[in-house]
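Asks: The following block contains the structure, expressed as structure tokens.
The values are calculated or read from the model by the stated rules, or taken from the named source; none is laboratory data. Everything numeric here is computed off the predicted structure, so don't read it as measured data. When we count neighbours, we look across all protein chains shown, and the Cβ atoms used for this are built from the backbone with ideal geometry, even at glycine. Ligands, DNA and RNA are stripped out before the accessible areas are found, and what is left, the full protein with its side chains, is counted by its heavy atoms. Shrake-Rupley method; radii C 1.70, N 1.55, O 1.52, S 1.80 Å.
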Amino acid sequence: MSAIASGANPAGDRPRPRLRPRRRKSKAGWNLLGLFVFAVAGFPVYWMLNTAFKPAKDAIDPDPSLLPTGLTLSNFSRALHIADFWGPVGRSLTVSLAVVAIGVVVGLLAALAISRFAFRGRRIVIVGILAVQMIPLVAMIIPVFLLLNDLGQYDRLSGLILTYLTFILPFTVWTLRGFIVNIPKELEEAAMVDGCSRTGAFVRVVFPLLAPGMVATSVYGFIQAWNEYLYALMLLSQKNQTATVWLSNFSTKHGTEYAPMMAGATMMAVPIVALFLLVQRKMAAGLTAGAVKG
């Protein structure tokens, strides 16, 4: 009682040690490094927005200003009228959503088979999934073009969807496999003991736990399909072009219209930003769920 009355800490409540000067300097250095990385990574985005809202004549100024000199919406109007905007955006949305839907369903079934069932050639399948991701996409342009041409899928959105699935599915399978492996089998076995079938145990127990991982994988697949340019340029004609190829309309024989191009790029970034804001919590949980076992 006397120790408590005198203001002394109890035996089990020790004061927290103060940070040493060297540790404080180290923490401040890491904070400065983080701010520098953020500035380097965020500057292109800032410059895109700055160019999109500045007058067109200021966008080609040989001595540009880092700060906006004037704000205008004429670049967005120019971007919407230089060519059909909603057509390419609608096609990009169609392709991206189809790739995500098919990729998640097929990838989930494949990841479940690899992680939960033992079959002959299982290791070969896993190594094959990793090997496919190591092949540069540029190296497959000519084979993909010839194959789609033989199948009658050239200049069709279905052909582009199949092409995107070839390099998004391996990542989807590998990522979802990591999430499924980290879910204990005992949870499914307990549900089956309580009367659930194997399918019922998966739907009621495993599937809810996989939701964050599926969201993170879906967002990645959507971004990859939405931002892809090379295959969309090679496999689609101008009448079926996607939003990324649509941006090339601002490069004419008289030069590049940078201000309307940046306005178009800003409008293209809006769906990605909106999607990320809607699922950011699920995505953060999904990206960290597969990192810890148990």
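Asks: Considering each of Pro64, Pro88 in turn, give the residue that is assigned to a loop (DSSP other than H, G, I, E, B) and either surrounded by 13 or more Cβ atoms within 10 Å (Cβ to Cβ) or aromatic (Phe, Trp, Tyr) (or both). Break it down stepwise before answering.
Replies: On the way: Pro88 fails: assigned to a loop (DSSP other than H, G, I, E, B).
Exactly one residue qualifies, and that residue is Pro64.
Asks: Pairs, please: C-beta under 6 Å, at least 6 apart or cross-chain, first residue closer than 13 Å to Ile183 by Cβ and in region 202-230, second open to solvent by 30 Å² or more (accessible area, probe 1.4 Å) and charged (D, E, K, R)?
Replies: Pro212/Lys282
Asks: Still on this structure, I have one more. Being closer than 30 Å to Leu112 by Cα, modelled with pLDDT under 85, open to solvent by less than 30 Å² (accessible area, probe 1.4 Å) and in a helix (DSSP H, G or I) narrows it down to one residue among Val219, Val206; which is it? Can you show your working first?
Replies: Numbers: Val219 fails: modelled with pLDDT under 85.
Being closer than 30 Å to Leu112 by Cα, modelled with pLDDT under 85, open to solvent by less than 30 Å² (accessible area, probe 1.4 Å) and in a helix (DSSP H, G or I) holds for just one of Val219, Val206, which is Val206.
Asks: Applying the selection to region 143-167, what residues are under 30 Å from Phe207 (Cα atoms) and either modelled with pLDDT under 90 or among the basic types (Lys, Arg) (or both)?
Replies: So in region 143-167, the residues under 30 Å from Phe207 (Cα atoms) come out as 158, 160-167.
Across region 143-167, the qualifying residues are Thr166, Phe167.
Asks: Going through region 191-201 one residue at a time, which ones are assigned to a helix (DSSP H, G or I) and not β-branched (Val, Ile, Thr)?
Replies: Quick first cut of region 191-201, residues assigned to a helix (DSSP H, G or I) only: 191-193, 198-201.
Result: Ala191, Met192, Arg198, Gly200, Ala201.
Asks: Please go through region 31-61 and give me each residue that is among the charged types (D, E, K, R), surrounded by 10 or more Cβ atoms within 10 Å (Cβ to Cβ) and not in a loop (DSSP other than H, G, I, E, B), ordered by number. First the steps, then the outcome.
Replies: To start, the set of residues in region 31-61 that are among the charged types (D, E, K, R) comprises 54, 57-58, 61.
Those still in the list that are surrounded by 10 or more Cβ atoms within 10 Å (Cβ to Cβ) too: 54, 58, 61.
Within region 31-61, Asp58 is the sole residue that qualifies.
Residue by residue, here is whether (1) buried (at least 16 other Cβ atoms within 10 Å of the Cβ); (2) in a helix (DSSP H, G or I) holds:
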| site | (1), (2) |
| --- | --- |
| Ala101 | no, yes |
| Ala110 | yes, yes |
| Arg120 | no, no |
| Pro143 | no, yes |
| Thr172 | yes, yes |
| Thr175 | yes, yes |
| Glu186 | no, yes |
| Glu189 | no, yes |
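Asks: Checking the conditions here, which among Met192, Met234 is out of contact with any Gly (no Cβ under 6 Å at 6 or more places or on another chain) and farther than 17 Å from Thr166 by Cα? Lay out the reasoning, then the answer.
Replies: On the way: Met234 fails: farther than 17 Å from Thr166 by Cα.
The conditions single out Met192.
Asks: For region 28-37, does any single residue satisfy the condition of being within 21 Å of the chain's Cα centre (by Cα) and at pLDDT 90 or above? Spell out how you get there, then give the answer.
Replies: Step one: of region 28-37, the residues within 21 Å of the chain's Cα centre (by Cα) are 37.
With the extra rule that they be at pLDDT 90 or above, the set shrinks to 37.
So far as region 28-37 goes, yes, one or more of its residues are within 21 Å of the chain's Cα centre (by Cα) and at pLDDT 90 or above.
Asks: Here is a follow-up. Go through region 241-280 residue by residue and tally those that are buried (at least 19 other Cβ atoms within 10 Å of the Cβ), among the polar types (S, T, N, Q) and closer than 27 Å to Gly70 by Cα.
Replies: Total meeting the criteria: 2.
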